[in-house]
Every structure is written in structure tokens, then in C-alpha cells.
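In what follows, a single structure is set out as C-alpha cells and then discussed.
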Amino acid sequence: MDFRIRYIHQQELRSDYRKDRNASRARNKGIRISKGKYIATLDDDDFWCDQRKLEKQVQFLENHPDYVVCGGGVVVIREENPEKPFLRPYYPEKDEDIRKRMLFGDAHVHSSLVFRKEVWETIGGYDEKLPFGDDWNFYLRLGKVGKLYNFPEYFTYFLLGQQNKTDRVEYKRESLGVSIRFIKKYRNDYPGFPKAILLAWACYFYSFLPFGESLRPVFVKIKHRIFDPFLYK
């Protein structure tokens with residue numbers, strides 16, 4: 001038995017998507033009792049794919065005290081076709097490029113992160129009151145107190161299965177509503193507010209179309225054509 005490992009059970013509430021599933025509460029509880037200088041996150045349906053991942057990230061943070069968090073790339077494994085993993089394009093690497101993406105959605109892979117525990121304490125940890133987007137909100141708050149970085153390397157396997165899918169229109173619409181609130185709240189902290197809020201409202205109104213699902217591939221192509229050059233230039 002490795003006495004460095006402590007298992008803490010937290011009851012999950014999954015019967016109603018609106019209920020707090022306690023993810024943020026569980027993360028905060030685990031981090032609160034931890035004794036290390038750095039925190040590495042890993043959700044229960046993901047796993048790391050680089051044996052030197054933690055070594056690389058800790059060394060980076062030790063050498064760059066002005067950075068508060070660093071992540072890496074993700075390999076997506078689809079539940080219906082696990083033999084053919086998908087290499088997701090890298091997230092922006094440099095701090096200035098990450099900030100250009102922050103108002104448009106997640107700019108990190110949560111299960112790839114290593115961040116300073118003292119910064120987690122400074123910003124008050126994960127927001128346990130949020131029904132959606134607690135990861136994104138956490139990144140937005142981290143970026144207000146220090147620099148951000150993503151390694152151009154694949155660090156994490158992400159399992160895309162039924163556990164992270166939902167077809168409920170109400171869920172998607174409510175999630176978009178939370179996104180709009182984030183964009184408005186952090187409009188002065190990150191660039192790209194006009195385009196970010198335009199995209200968010202467009203997605204929100206699109207969710208009300210009775211034939212929206214049939215046109216989703218076309219909508220996605222239009223969205224990428226308009227906004228991807230801005231995000232990755």
C-alpha cells in the first residue's frame with residue numbers, strides 16, 4: 001500500500017442535470033487536504049499518455065514563476081470506435097494566444113493541467129455554485145492572476161462516451177446562458193468580446209430552431225469559417 005495516496009469518496013447527484021454533481025466540491029475538498037506545491041488534475045474517465053508529463057510541467061512552472069498553470073494536448077478516444085483515436089488540434093501554446101481564445105470557450109484540457117496550489121487558494125478554488133462551466137470559469141479566473149501555457153504535446157487521453165454526452169436541448173440552452181454570463185463578466189479581462197458575445201448569442205438563438213439539429217453541420221462550418229482565423233492567427 002502506498003500511504004501517499006488518499007481516497008476520498010464524494011457522493012454524486014446525477015439524476016437531474018440541473019443538480020450540482022459535486023465535481024467542483026470534490027476537487028476543492030481534495031486540493032484542500034493536499035500537501036503539495038502543485039496540483040495535477042485528472043477526471044475519472046481520462047488518463048495520461050506521457051510518462052514524463054508531470055516532470056515537464058513541474059519543471060516549467062519552477063522555471064517560470066510568472067505562470068500559474070500549464071496544460072497540454074488531448075487524444076480523443078470515441079467509445080463507439082476506440083481503435084481509432086483522434087488527435088485533437090493543439091490548444092494555443094503561448095499566453096497571448098491563449099487569452100485570445102478564453103472568451104470563446106475552454107482554452108485548456110482540464111485533465112492535462114498542473115497549477116500552483118497557492119494560486120488556487122488566491123482565487124478561492126473552483127466555484128461550487130455553478131451548474132455548468134466550472135472548468136472554464138476556473139481558467140478565466142486563473143488568467144487574471146498570472147500567465148497561462150499549453151505544451152504542444154499530447155498529455156491526456158479523453159474518453160468521449162455517454163458519460164459526457166447529452167441530447168437535451170434544455171441542457172445545451174442553459175449551458176449557453178451560463179457562457180453568455182461568463183463572456184460579459186470577463187469582457188474587460190480578455191480580448192475578443194464583440195465576436196465572442198456574437199457567437200454565443202448566435203448559438204443560443206440557434207438552439208430554438210425546430211430544425212436546428214438537421215442544419216448543425218452547416219452551422220458548425222460557418223462558425224469555424226468566421227471565428228477560427230481570429231482564434232488561431
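The values are calculated or read from the model by the stated rules, or taken from the named source; none is laboratory data. Keep in mind the model is a prediction, meaning the values are calculated, not measured. Every residue, glycine as well, gets a Cβ built from its backbone with ideal geometry; the counts of neighbours run over all protein chains shown.
Side notes on the structure shown:
- You will find that of Glu62, Glu80, the residue that is surrounded by fewer than 20 Cβ atoms within 10 Å (Cβ to Cβ), at pLDDT 95 or above and either part of a loop (DSSP other than H, G, I, E, B) or not hydrophobic (A, V, I, L, M, F, W, C) (or both) is Glu62 and no other.
- Residue count for the stretch 173-193, restricted to those that are out of contact with any Phe, Trp or Tyr (no Cβ under 9 Å at 6 or more places or on another chain) and either within 13 Å of Tyr206 (Cβ to Cβ) or loosely packed, with under 15 Cβ neighbours inside 10 Å (or both): 4
- Leu113 being under 23 Å from Tyr186 (Cα atoms), in the same structural domain as Trp136 (by TED's automatic domain parsing) and surrounded by 14 or more Cβ atoms within 10 Å (Cβ to Cβ): yes
- Residues that are part of a strand (DSSP E or B), farther than 17 Å from Glu83 by Cβ and either within 14 Å of the chain's Cα centre (by Cα) or at pLDDT below 95 (or both), drawn from the stretch 141-162: Leu148, Tyr149, Asn150, Thr156
- Scanning the stretch 104-125 for residues that are within 12 Å of the chain's Cα centre (by Cα) and not small (Gly, Ala, Ser) yields a count of 6.
- Selection over the stretch 107-140 of residues that are assigned to a helix (DSSP H, G or I) and either within 22 Å of Val74 (Cβ to Cβ) or not acidic (Asp, Glu) (or both) gives a count of 15.
- Residue count for the stretch 62-82 under the criterion of being over 22 Å from the mean Cα position of the chain (by Cα) and within 13 Å of Leu160 (Cα to Cα): the result is 3.
- Restricting attention to the stretch 46-63 and to residues that are of a type in the set (Asp, Glu) and in contact with a Phe, Trp or Tyr (Cβ under 8 Å, 6 or more places away or on another chain), the residue that is farthest from Pro152 (Cα to Cα) turns out to be Asp46.
- Among the numbered conditions (1) modelled with pLDDT of 95 or more; (2) of a type outside the set (Lys, Arg); (3) closer than 23 Å to Asp45 by Cα, the only one that Asp134 does not meet is (1).
- Pairing residues of the stretch 187-209 that are within 21 Å of Tyr171 (Cβ to Cβ) with residues that are hydroxyl-bearing (Ser, Thr, Tyr) and in a helix (DSSP H, G or I), at Cβ distances under 7 Å and at least 6 apart in sequence or on separate chains, gives Ala200/Ser179.
- Check on Pro152, over 17 Å from Cys70 (Cα atoms), out of contact with any Lys or Arg (no Cβ under 6 Å at 6 or more places or on another chain) and either among the hydroxyl-bearing types (Ser, Thr, Tyr) or surrounded by fewer than 16 Cβ atoms within 10 Å (Cβ to Cβ) (or both): no
- Phe47 passes every criterion in (1) part of a strand (DSSP E or B); (2) closer than 30 Å to Arg181 by Cα apart from (2).
- Residues that are closer than 23 Å to Ile183 by Cβ and either in contact with a Ser or Thr (Cβ under 8 Å, 6 or more places away or on another chain) or among the aromatic types (Phe, Trp, Tyr) (or both), drawn from the stretch 63-99: Gly71, Tyr91
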